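Enquirer: The following block contains the structure, expressed as structure tokens.
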Amino acid sequence: AALAGTVAALWPDLPPDLRIPVAGYSLLLTAMAYRSSTLGLWGGIGGALFLLSDTLIATDVADWPQPPRPDFWVMATYIAAQTLLARALLARAAPSAQAYRESRTSV
């Protein structure tokens with residue numbers, strides 16, 4: 001619903017040569033945000049922030065009104081998203097790494 005609503009709202013204001021690429025990229029971003037929720041709460045929030053970061057960029061391309069200091073908000077949401085996604089991935093990998101270390105020391 002978020003994907004369809006956002007693309008439909010942006011569509012008329014996007015440059016015609018960017019409409020299809022933006023729609024395709026939006027589909028990929030939405031799929032990534034959805035899948036990131038399988039990494040737990042932090043992964044889900046990271047995926048949502050990544051989606052928000054790129055949505056802010058798309059609204060700028062569509063020449064929509066921007067919040068004050070839009071570059072700050074794009075980078076703040078992007079950095080937070082990447083941090084949370086990395087945290088979620090590392091938390092998931094930690095038990096596997098521990099099991100591997102234990103199996104190596106028991107030999």
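The values are calculated or read from the model by the stated rules, or taken from the named source; none is laboratory data. Just so it is clear, the model here is predicted, and its values are computed rather than measured. Here the Cβ positions follow ideal geometry from the backbone for every residue, glycine too, while neighbour counts run over all protein chains shown. We work out accessible area using only protein heavy atoms, side chains counted, and drop any ligands, DNA or RNA first. Shrake-Rupley method; radii C 1.70, N 1.55, O 1.52, S 1.80 Å.
Enquirer: When only Cα pairs under 8 Å and 6 or more residues apart are kept, what is the percent relative contact order across the stretch 1-101?
Expert: Averaging sequence separation for qualifying contacts and normalising by length gives 28 percent for the stretch 1-101.
Enquirer: Sticking with this structure for a sec: Compute the helix-to-body angle for 70-105: its Cα long axis versus the longest principal axis of the chain, expressed 0 to 90° and rounded to tens.
Expert: Helix 70-105 and the main axis of the chain meet at about 20 degrees.
Enquirer: Further question: About the Cα centre, and with charges only on the beta carbon of Lys, Arg (+1) and Asp, Glu (-1), how big is the dipole of the chain? Nearest 20 debye, please.
Expert: 640 debye
Enquirer: Here's a follow-up. Round to the nearest 10 and give me the degree value, 0 to 90, for the angle of helix 41-61's Cα axis relative to the longest principal axis of the chain.
Expert: The angle comes out at about 20 degrees.
Enquirer: Per residue, how much accessible surface does the chain expose to a 1.4 Å probe? Answer in Å², no decimals.
Expert: Value returned for the chain: 67 Å² of accessible area per residue.
Enquirer: Sticking with this one: Compute the angle between helix 19-36 and the longest alpha-carbon principal axis of the chain, please, reported from 0 to 90 degrees and rounded to the nearest 10.
Expert: Between the helix axis and the principal axis of the chain, the angle is about 30 degrees.
Enquirer: Just to check, using Stokes-Einstein with a Kirkwood Rh over alpha carbon pairs, what's the diffusion coefficient of the chain at 25 °C and 0.890 mPa s in µm²/s?
Expert: Numbers: Rh = 15.5 Å.
The estimated diffusion coefficient comes to 159 µm²/s.
Enquirer: Just the number, please: carbon plus sulfur as a percent of the accessible area of the chain, 1.4 Å probe, no ligands or DNA/RNA counted.
Expert: The C+S portion of the solvent-accessible surface of the chain is 70 percent.
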